[in-house]
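The structure appears right after this line, and notes come after that.
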Amino acid sequence: MPGDVGRVLVVDDSQVIRQLIKVNLELDGFEVMTASDGEECLEAVHRFAPDVITLDLAMPRLDGMRTVGRLRVDARTAQIPLVLVSASAAPEVPVGVDAVLAKPFEPAELVGLVRALCERARKRAVHLAKPLAERRCPSRTLAP
């Protein structure tokens with residue numbers, strides 16, 4: 001069933017690249033939404049609630065790094081793992097980005113990376129939720 005593995009927002013100005021990434025992720029069980037630039041990403045991210053976002057670096061209107069900056073300052077999106085997928089990506093991982101994948105890429109490498117980031121994000125969510133549950137006071141009843 002789509003989405004069982006995770007939800008991914010794919011952001012790239014190339015329709016061919018968006019479709020390539022989308023198809024490969026969907027074949028592996030991910031639910032995928034696409035956006036053609038950073039502005040569309042910021043409009044879609046709250047509606048779709050992705051586990052991971054893949055971002056191209058060079059896009060019209062709002063490029064990848066400016067989109068990263070906007071996502072990281074918003075408390076609702078600050079913890080979403082971000083993968084920079086770009087032909088012009090630097091070999092080092094920029095601040096605010098969780099991983100970099102250079103174009104051209106092997107689809108299996110992309111799927112594996114996204115899967116690992118989804119699993120890490122879900123473990124983090126469980127880890128953060130667990131202490132809250134442990135802090136709840138047990139109900140107490142007075143014995144008659």
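Calculate, in nm to one decimal, what Glu109 and Ala78 gain on full extension: separation in residues at 0.36 nm each, minus their alpha carbon distance.
Working: separation 31, 0.36 × 31 = 11.16 nm, distance 2.45 nm.
Taking 0.36 nm per residue and subtracting the Cα distance, the gain is 8.7 nm.
Suppose accessible area is computed on protein heavy atoms with a 1.4 Å probe; arrange Val93, Val73, Val100, Val11 from highest to lowest.
Of Val93, Val73, Val100, Val11, the descending order of accessible area is Val73, Val93, Val100, Val11.
Percentage of Cα-Cα pair distances in the stretch 25-71 greater than 11 Å, rounded to whole percent?
More than 11 Å apart: 66 percent of the Cα pairs in the stretch 25-71.
Whole-Å semi-axes of the stretch 22-132's equivalent ellipsoid, largest first, each the root of 5 times a Cα gyration tensor eigenvalue?
For the stretch 22-132, the ellipsoid semi-axes come out as 21, 18, 14 Å.
At a threshold of 8 angstrom on Cα-Cα distance, excluding pairs fewer than six apart, so keeping six or more, what relative contact order does the stretch 14-68 reach in percent?
Here the relative contact order equals 31 percent.
Given labels modelled 7 Å from the Cα in the Cβ direction, how far is it in nm from Ser14 to Arg70?
About 2.3 nm separates the two model spin labels.
Run through the stretch 5-72 and list the trypsin sites (Lys or Arg not before Pro) located in a DSSP loop whose Cβ has at most 12 other Cβ atoms within 10 Å. Could you put the intermediate results ahead of the total?
Values: sites: Arg7, Arg18, Lys22, Arg47, Arg61, Arg66, Arg70, Arg72; in loops: Arg61.
Qualifying residues, ordered by number: Arg61.
Once the other residues with Cβ under 12 Å from the Cβ of Ala121 are scored (Lys, Arg +1; Asp, Glu -1), what is the net sum?
Around Ala121, the charge tally is +3.
Of all GluC sites (Glu not before Pro) in the stretch 76-119, which ones are in loop regions per DSSP and have a Cβ with at most 15 other Cβ atoms within 10 Å?
Hits after loop and neighbour filter: Glu92.
The values are calculated or read from the model by the stated rules, or taken from the named source; none is laboratory data. Worth saying up front: this structure is predicted, and the values here are computed from it rather than measured. Note: ideal-geometry Cβ built from the backbone for every residue, glycine included; neighbour counts use all protein chains shown. For the accessible areas, the whole protein counts, side chains as well, though only heavy atoms, and no ligand, DNA or RNA atoms are used. Shrake-Rupley method; radii C 1.70, N 1.55, O 1.52, S 1.80 Å.
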